[in-house]
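Okay, structure first, notes after.
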Amino acid sequence: MSPVSESAVRPLIETGRAQVEAYLKGKDQGWRSDASNLDLSFARNRLRHRVIPLLAAEFNVNLLETLDRTVHILEAEDALIRAITADWLREEQPAHELTIDASALASAPLGLARRVIREALRRAGSQLHDVAFEHIEGIRGLLEPGKSGKLVEIPGGFQAVREFDRLAFRPSPTPCPDYDYELKIPGSVHIPELGRIFRAEIVDKSANQTCPERVIVDGDSVGPYVRIRNWKPGDYYRPVGWPAGKVKKLFHKARIPRSHRASWPVLIADSTIVWVASFPVSRDFVPGGRSQRIVAIETVPS
């Protein structure tokens, strides 16, 4: 037990009972003994009054001195490992979560890897209460090939998640509720689940400015409005410049973490996907030479 740890200060932790009693006797000062220290129903007292005396008598009369010396050695080595761990994580600064290069951690010495995992959990906000050896080993298992998308739940409301070549540490997210909104053309709609606003406006035929947050579509094909909902398994999409296929595969190709996918906005006209936000517009809704109504749809933070 360290003399100083967090808010606790133990000024006499390295002073033996015999020394304290001798000092008090020399000052002609009495003292009171806590009766609970003799209660053998407590494991600490059984260790103090039974186990240690037996070990000292049978194996080493200087057992207490040996244990004290060993503790000092271990404390110094622990301080070294903590410094190495802090240096290893120096470049990993958490924002809403902390991420680590999975291959680099997999290549680290075993003892260091375990320390890094514990420290990463602490930096992510965990108090490490009830975090057992099995949890740390479970997280180490995420460093193996083919583990992208897998996660380990940690007591206290945290999780470690393998996302492609990164290992992320974060509070366990609350499930994203389904949402479904109507965006009139022209018009705008606020989606509180995303903290974003979607806008649609009629633009000139010469408009061609597109970016991950804005697309140009054929207004005649879209109709008077589009629906905006979160992604669903099975959604199929034909984005310009990308192979057609299920959106799930596009997410994987674009390296979108699984934790982000459930809330990802999808814009639909009738039953066909017009746009999956941040991807190109669907080939089915690209304006052509005969398009009479050109619509720009964009999303901005609210």
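The values are calculated or read from the model by the stated rules, or taken from the named source; none is laboratory data. Please read all numbers here as calculations on a predicted model, not as lab measurements. Positions of Cβ are backbone-derived with ideal geometry, glycine not excepted, and every protein chain shown enters the neighbour counts.
Regarding Leu142, is this residue without any contact (Cβ under 8 Å) to a residue 60 or more places away in the chain, over 12 Å from the mean Cα position of the chain (by Cα) and either crowded, with 18+ Cβ neighbours inside 10 Å or on the phi > 0 side of the Ramachandran plot (or both)? Yes: the conditions hold for Leu142. Taking region 261-272 as the search range and keeping residues that are within 15 Å of Leu250 (Cβ to Cβ) and modelled with pLDDT of 95 or more, which one is surrounded by the most Cβ atoms within 10 Å (Cβ to Cβ)? Selected residue: Leu267.
Highlighted here are the strands (runs of 3 or more DSSP E) found entirely within region 158-223 that include at least 2 residues which are over 30 Å from Leu142 (Cα atoms): 180-184, 187-191, 196-203, 214-218.
So, of the residues in region 273-302 that are assigned to a loop (DSSP other than H, G, I, E, B) and among the basic types (Lys, Arg), which turns out to be surrounded by the most Cβ atoms within 10 Å (Cβ to Cβ)?
Residue satisfying both the conditions and the ranking: Arg293.
Only one entry in Gly219, Gly234, Gly245 is free of Cβ contacts under 8 Å to residues at least 24 places away in the same chain and touching a Lys or Arg at 6+ places or on another chain (Cβ under 8 Å), namely Gly234. Highlighted here are the helices (runs of 4 or more DSSP H) found entirely within region 1-64 that include at least 2 residues which are over 23 Å from Ala76 (Cβ atoms) and touching a helix residue (DSSP H, G or I) at 6+ places or on another chain (Cβ under 8 Å): 52-58.
For region 229-272, the tally of residues that are part of a loop (DSSP other than H, G, I, E, B) and within 27 Å of Val152 (Cβ to Cβ) stands at 10. Among the criteria (1) out of contact with any Phe, Trp or Tyr (no Cβ under 6 Å at 6 or more places or on another chain); (2) modelled with pLDDT of 95 or more; (3) surrounded by 17 or more Cβ atoms within 10 Å (Cβ to Cβ), the one Leu194 does not fulfil is (2).
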